[in-house]
Structures are given as structure tokens and as C-alpha cells.
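Visitor: One structure coming up, written as C-alpha cells, with questions to follow.
Just so it is clear, none of the values below were taken in a lab; they were calculated from the coordinates. Values in this document were obtained by computation on a predicted structure and should not be read as measured data. Here the Cβ is made from the backbone with ideal geometry for all residues, glycine too, and neighbour counts use every protein chain on show.
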Amino acid sequence: MSAVGPAPSCPESRVPESPSLEFRSPPRPLREDGTPRRVGVEIEFTGPSARIAAAALAAGLGGRLAEEDPHAFRLEGTSLGDLRVELDLRAAHPQRRMTEPGALPRLPVRAAGRSLAALLGPVVPRELITGPLAFDRLPEVDRLAALLHGAGGRGRGAVLLGSLGLHFNVEPPDLTAATLTGLLKAYLRSEPQLRRETAAGGFLAARGLPPPFPAPYAAKVLDPAYRPDLEGLAGDYLAANPTRHRGLDLLPLLAHRDEAGVRAALPPDEKVSPRPVLHYRMPQAHVGLAGWSLAPAWNLWVGVEELAEGAAPARQAASDPA
């Protein structure tokens, strides 16, 4: 990764501090070891290139830009930790698929990746990715969205090719089968309402949502007698959902536990990054809307956790129409 250097001062790119919408706290904010839980955030947008977007963030947050390739940048040492901004297209970053550490792709492969990125760049979203953050730092991510908006960032939930995702990588309170199954049950009970509220923007937004969980699988999990151990939970999930395209994607968490077993159950080209998080993929990003906040989408997730803890009234049953 080549260093670009510190970003020049650019006061006009800074966003004035302003009150953020309230971000609610889940009922269990601590992990089982007593440390605060964290969440990583991914925000997709269109408009400026990854280079321009990363420079705008650096101007507003400080830090040092490092270029991985012409369409992927790392912003190190900002006031919000390390960030990444990149074109959301695996083929644009062929060096990541090399199996030998430190090896570079052959020149034709690298050139093909650059050509494909240049061709599809106008229609493929860019993505901002944060590291794990304490829940009380989520209001600061609103500022990142405002900086992107000020740099020309666009997007109102979806584009013709699909959703513009706002993804939360949420550390669960613990990794026990009881906790994970409880959260999955709560999500399945909430999914119809989550889909309705997320897709309130219209047809394009609704079309971009991840497919719902298969009805037979949802019915199985929602059976009060369904109390699997971790192996049973993983096996049932993978048999019914060999894909990351779900509103609540458990593949990263399951792969953290047994990467070989998960990869064996997936198609060869399915993308999965092992990590101990719940990958909540339902929400959509609205960087093109001035003043947009992550809070409403985050608070819907908190409602799922409250339901899992019995602290909120039941949402619509999974059999309700989406």
C-alpha cells in the first residue's frame, strides 16, 4: 500500500458540529467480559471517486491517506480511528485475491482490474468502512456521512443495480447458542416490519432489499421448541441460507467459529469475512440527503435486541406480508 501523505488542510470541507438524533443503547451494552460492545459501519454511496471521497474525509478528520490501489484507500489515524474508502467491486482489487503474502498479481490481471473499475466506476457504489466503534461514537459517523455529502456524495437508498447499503457489524453480547438464537428469533419476528420501514422510499428501495429468510426456515427457528446448540444453529442456517444476501447475515460469525465448515457449505465465489459480529444488512444509506442520520436505522436494530431480551412488545409475526 503506497502512502499518499497527510491530507492538506481544507476548512471548507469541515462540517459544523450539530446535535445528532438520539442513538439508543441496546439492553445489554456490555460483552460477557464486562467490556463495552462495539459496532462497525459500512456506508455505500455514489458520486465522487474513492480518491476524492477519502481526501474529503481526511480534510475533515485529519489522518494520513494510504493508497492500496487506484480505487481503494485507507485513512489512518483519524479522530474516528482507521477508515477505508473503496469501490465496492472485488474485481477492482485483484491484489486481495492473491494467496501468497506480499505477492503482486500479474500485470495483465492488475490492468484488467483497473480497466473494469474504470468502466463500471460510474454505476458501482463506493463504500466507506469504519473499524469497530463504541456505541456512543455512532453520532460521529453521522459526521462522516455529512462530509461525504459535502464532497458530492449521492444516494437515496438504492440505485438501479440494487440497494445502497448501510450495514452494521454488531458485536453480540456473547457467542452462546442461547443468545444468538434469541437474536435470530427476534429478527425473524421483526423482519416484515423492518422491510416495510426500510423500503418506505418506494419501489426502487424495496427492490434493493436483501431477500427475506425462506419461510420454512423462519418457521423452524420461530418454533418455541427450537433451542439448538451452536453446531445445530450453524448447520440449520447454512443448509437454508448458503448466501450473505440476508437482512441479518450470520456467515461472518459462523465462519469465525468454523471457517472451513462454512466455506465448504457455500458456493465457491460467495464472499465471507470471518469475524465475531452480526452483519445487519437490511438498512439503506441516504448520503445524498442533507442532514441524513444513521440513528433511525440503528434504533430499529436496538428494537430487535430489546425484543430478544423481552423488553419490547412483539413485532409482526414472520408470516405477515412483507
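Visitor: Hey, can you rank 125-133, 282-290, 205-213 by average C-beta count inside 10 Å, highest first?
Guide: Answer by packing, highest mean first, reads 282-290, 125-133, 205-213.
Visitor: Restricted to Cα positions, what overall size does region 167-308 have along the principal axes? Three whole-Å values, descending.
Guide: 45, 35, 28
Visitor: So, one more: What share of Cα pairs, in percent, lie more than 13 angstrom apart in region 188-228?
Guide: 59
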